[in-house]
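The values are calculated or read from the model by the stated rules, or taken from the named source; none is laboratory data. Here the structure is a predicted model, which is why all the values come from computation and not from measurement. Using ideal geometry, Cβ is built from the backbone for each residue, glycine included, and neighbour counts are taken over all protein chains shown. Side chains are part of the model used for accessible areas, which takes the heavy atoms of the whole protein and leaves out ligands, DNA and RNA. Shrake-Rupley method; radii C 1.70, N 1.55, O 1.52, S 1.80 Å.
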Amino acid sequence: MRQFMQKFPFMLFRAKFSACLILALSQPALSQKLKKSDRAILANLESEIRYLADDRLEGRRTGTTGEKMDSDYLIAEFEQIKLAPAGANGTWLQAFPVDDGKQVNPATCLVINQDSLRINADYFPLPYSASLSVSGSPAMALQERGVPWFVDLKETLESNQGNPHFSLDSYLHGRIRDCVKKGATAVIIYNSSKIDDGISFDAKDRSAAETVPIMYVTGDARRKYLHDESASMEIHLTVDMSEKIRTGHNVAAYLDNGAPGVVVIGAHYDHLGYGEDGNSLYRGKERLVHNGADDNASGTAAMIELARLLKTSKFKNYNYLFLGFSGEELGLLGSKYFTEHPTIDLARVDYMINMDMVGRLNDSTHALTIGGYGTSPSWGELFRKDDGHKYFQLKYDSSGTGPSDYTSFYLKNIPVLFFFTGIHEDYHKPTDDYDKINYSGELEVVKYIFSLVEILNGEGRLTFSKTRENQMATRARFSVTLGILPDYSYTGAGVRVDGVSDGRPAQLAGLQAGDIIVKLGEFPVSSLESYMEALSKFKKGDRTHVQYRRGKDLTEAPVVF
């Protein structure tokens, strides 16, 4: 920042920016006739988005054939632009693992009195079950050492109905361990009440495995096979589970101008596939492809066009790294992996620009949201509200964290900017298709970002500023927060802290980045969802304790929400 400001004092820099920006942005509003170069960009955007959002790519789910078709397309575009590969080992790609949690293998079975029950329909193992085989001749009503035990949830559910502090998950863990301590070789859980227990196989549950197999028998199967609690029965069961891993790929291309500094321009190219990962907002029964034209074929196309423009530009004071991220929809996995395993020296990166959902500009309001406003003092000078914009109505979010890939770079102390044209009713639904994109609006977004890059084409570095940290969205509803940014790529038990907000409960309790939260109050934390469920039990002003691991040490600290 010091060298940057020595060359561009704030008043001169601001005047230069305003004059250029007014010129760049006022022209489209003054003339309905596009320049030849603008028509070319417009045609490219439509062609690119139509391909990326085509049904043939099946929603570009990370680690699938659709993702490969998309990455192949990106590579072909970057090759045509004559960029250099910047992935792993001199290739265009950087592979990263995607943890799909646990999978139940075919050897898993439950046999009662020679009747083989159907997996999922009649029973399923719980994710923290041991992978073992057990046989025995238990009586349901008796709990003797050396045989499987049966646990009915009826009394517990009925006695805790309406209790906001009751956690069935916590109860199950405690009850199972009590059974094991008293000699159970397996635990078979069922529910004879009319209360829905909500138990399902959660592949993402990272609770520590118990020492015995744990099975859940569904209501229909209970009525068929476990209706006589006085009877003895022959039981044989096997639980066989393993980790399920798929591979995602980032695409990296480099424009080398021989400069000391690097600007990263990125967009995620993955989407939801058919909604298999549970992140779709579609509630219909038909299996439909989620094409993600706005989210984020629009940002990917904008990145390609910026690469094309910068390749032929005179902006030579920076090198430019173009990154197509996958795994964003799963929790910023691709960008997180890149910043942990960079293919360039991150110390050379001056700033990062991220584009996510830039294809649905409202023709009436022309509202464009810019995130990361507070990550460098320079952004405040660039985006003065009285700088004479003639096209966009700018909205600002100062935070360097949020639900897109710029967060991963902010956490490495890199100034970021995030461009977004707004949420809409087609978000995370199959209806987010190419025919709803505002192509002329996206053209203006591309030109606007290009004009910013032109202004920033100076020597020196921007100063990084730490900002407040936004809480990422989850399915659980809660009114309090610890003030952490979770590490969504963490695959162990608990929630690993990626960042801590100043002055929030986590920081006051002494938590740091890298700590792993394993318990909040009386509620065990095995996964992000269980963490959010635990948070939902508290309200502002409540006092509790947080238990976390730092290295090999287990620590407990008081928390006030």
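Within the stretch 511-552, the residues that satisfy the criterion of being over 24 Å from Lys336 (Cα atoms) and among the small types (Gly, Ala, Ser) are Gly521, Ala534, Ser536, Gly541. Taking the conditions (1) closer than 20 Å to Phe124 by Cα; (2) open to solvent by less than 30 Å² (accessible area, probe 1.4 Å); (3) at pLDDT below 90; (4) not charged (D, E, K, R) in turn, Ser167 satisfies each one other than (1).
Could you check the stretch 106-123 and list, in sequence order, the residues that are among the hydroxyl-bearing types (Ser, Thr, Tyr) and open to solvent by 20 Å² or more (accessible area, probe 1.4 Å)? Selection gives Ser116 alone.
Under 7 Å by Cβ, and 6 or more places apart or on different chains, what pairs join a residue from the stretch 298-317 that is outside any helix (DSSP H, G or I) with one that is open to solvent by 60 Å² or more (accessible area, probe 1.4 Å)? What qualifies is Phe315/Glu454; Asn317/Glu459. The residue that is nearest to the chain's Cα centre (by Cα), counting only those in the stretch 486-518 that are open to solvent by less than 30 Å² (accessible area, probe 1.4 Å) and charged (D, E, K, R), is Asp487.
When you look at Pro342, is it under 22 Å from Tyr488 (Cβ atoms) and either surrounded by fewer than 23 Cβ atoms within 10 Å (Cβ to Cβ) or within 25 Å of the chain's Cα centre (by Cα) (or both), yes or no? For Pro342, the condition - under 22 Å from Tyr488 (Cβ atoms) and either surrounded by fewer than 23 Cβ atoms within 10 Å (Cβ to Cβ) or within 25 Å of the chain's Cα centre (by Cα) (or both) - is met. Taking Gly248 as the residue in question, decide whether it is open to solvent by less than 20 Å² (accessible area, probe 1.4 Å), touching a residue at least 24 places away in the same chain (Cβ under 8 Å) and of a type in the set (Gly, Ala, Ser). In short, yes.
When the stretch 84-137 is filtered for residues that are among the hydrophobic types (A, V, I, L, M, F, W, C), in contact with an Asp or Glu (Cβ under 7 Å, 6 or more places away or on another chain) and part of a loop (DSSP other than H, G, I, E, B), the ones remaining, listed by number, are Ala107, Ala130.
Restricting attention to the stretch 68-83, the residues being of a type in the set (A, V, I, L, M), part of a helix (DSSP H, G or I) and either closer than 19 Å to Leu255 by Cβ or modelled with pLDDT under 95 (or both) number 4. If the condition is being in a loop (DSSP other than H, G, I, E, B) and under 37 Å from the mean Cα position of the chain (by Cα), then the stretch 157-191 contributes Asn160, Gln161, Gly162, Asn163, Pro164, His165, Phe166, Ser167, Ala186, Asn191.
Within the stretch 52-105, if we keep just the residues that are free of Cβ contacts under 8 Å to residues at least 60 places away in the same chain and surrounded by fewer than 14 Cβ atoms within 10 Å (Cβ to Cβ), the residue that is farthest from the chain's Cα centre (by Cα) turns out to be Gln80.
Matching residues to (1) touching a residue at least 60 places away in the same chain (Cβ under 8 Å); (2) under 17 Å from Glu529 (Cα atoms); (3) basic (Lys, Arg); (4) open to solvent by less than 40 Å² (accessible area, probe 1.4 Å):
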{"residue": "Glu158", "(1), (2), (3), (4)": "no, no, no, no"}
{"residue": "Arg175", "(1), (2), (3), (4)": "no, no, yes, no"}
{"residue": "Ser193", "(1), (2), (3), (4)": "no, no, no, yes"}
{"residue": "Ser207", "(1), (2), (3), (4)": "yes, yes, no, yes"}
{"residue": "Val212", "(1), (2), (3), (4)": "yes, no, no, yes"}
{"residue": "Gly219", "(1), (2), (3), (4)": "no, no, no, yes"}
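Once the stretch 138-156 is narrowed to residues that are over 13 Å from Glu229 (Cβ atoms) and part of a loop (DSSP other than H, G, I, E, B), the residue that is most open to solvent (accessible area, probe 1.4 Å) is Arg145. For Phe315, the requirement of being more than 22 Å from the chain's Cα centre (by Cα), over 29 Å from Asp433 (Cβ atoms) and open to solvent by less than 10 Å² (accessible area, probe 1.4 Å) is not met. Among residues of the stretch 401-413 that are surrounded by 24 or more Cβ atoms within 10 Å (Cβ to Cβ), those with a beta-carbon under 6 Å from a residue that is among the small types (Gly, Ala, Ser) at least six positions away or on a different chain give the pairs Gly402/Gly371; Asp405/Gly266; Asp405/Ser335; Tyr406/Gly372; Ser408/Ser335; Tyr410/Gly400. Scanning the stretch 196-224 for residues that are of a type in the set (Phe, Trp, Tyr) and either under 22 Å from Glu158 (Cα atoms) or touching a Ser or Thr at 6+ places or on another chain (Cβ under 7 Å) (or both) gives a single hit, Tyr216. Might you let me know whether the stretch 319-330 holds any residue that is in contact with a strand residue (DSSP E or B) (Cβ under 9 Å, 6 or more places away or on another chain), among the charged types (D, E, K, R) and in contact (Cβ under 8 Å) with a residue 12 or more places away in the chain? For the stretch 319-330, residues in contact with a strand residue (DSSP E or B) (Cβ under 9 Å, 6 or more places away or on another chain), among the charged types (D, E, K, R) and in contact (Cβ under 8 Å) with a residue 12 or more places away in the chain: present. Kindly evaluate Leu126 against the criterion of being closer than 20 Å to Thr218 by Cα, crowded, with 19+ Cβ neighbours inside 10 Å and under 29 Å from the mean Cα position of the chain (by Cα). For Leu126, the condition - closer than 20 Å to Thr218 by Cα, crowded, with 19+ Cβ neighbours inside 10 Å and under 29 Å from the mean Cα position of the chain (by Cα) - is met. Looking only at the stretch 335-368, which residues are more than 19 Å from Asp498 (Cα to Cα) and among the basic types (Lys, Arg)? Within the stretch 335-368, Arg348, Arg360 meet the criteria. Among the residues of the stretch 278-295, the ones that are of a type in the set (Ser, Thr, Tyr) and either within 19 Å of Ser200 (Cβ to Cβ) or loosely packed, with under 13 Cβ neighbours inside 10 Å (or both) come to 1 in all.
For the stretch 195-205, the set of residues classified as under 22 Å from the mean Cα position of the chain (by Cα) and open to solvent by less than 30 Å² (accessible area, probe 1.4 Å) consists of Ala203, Asp205, listed by residue number.
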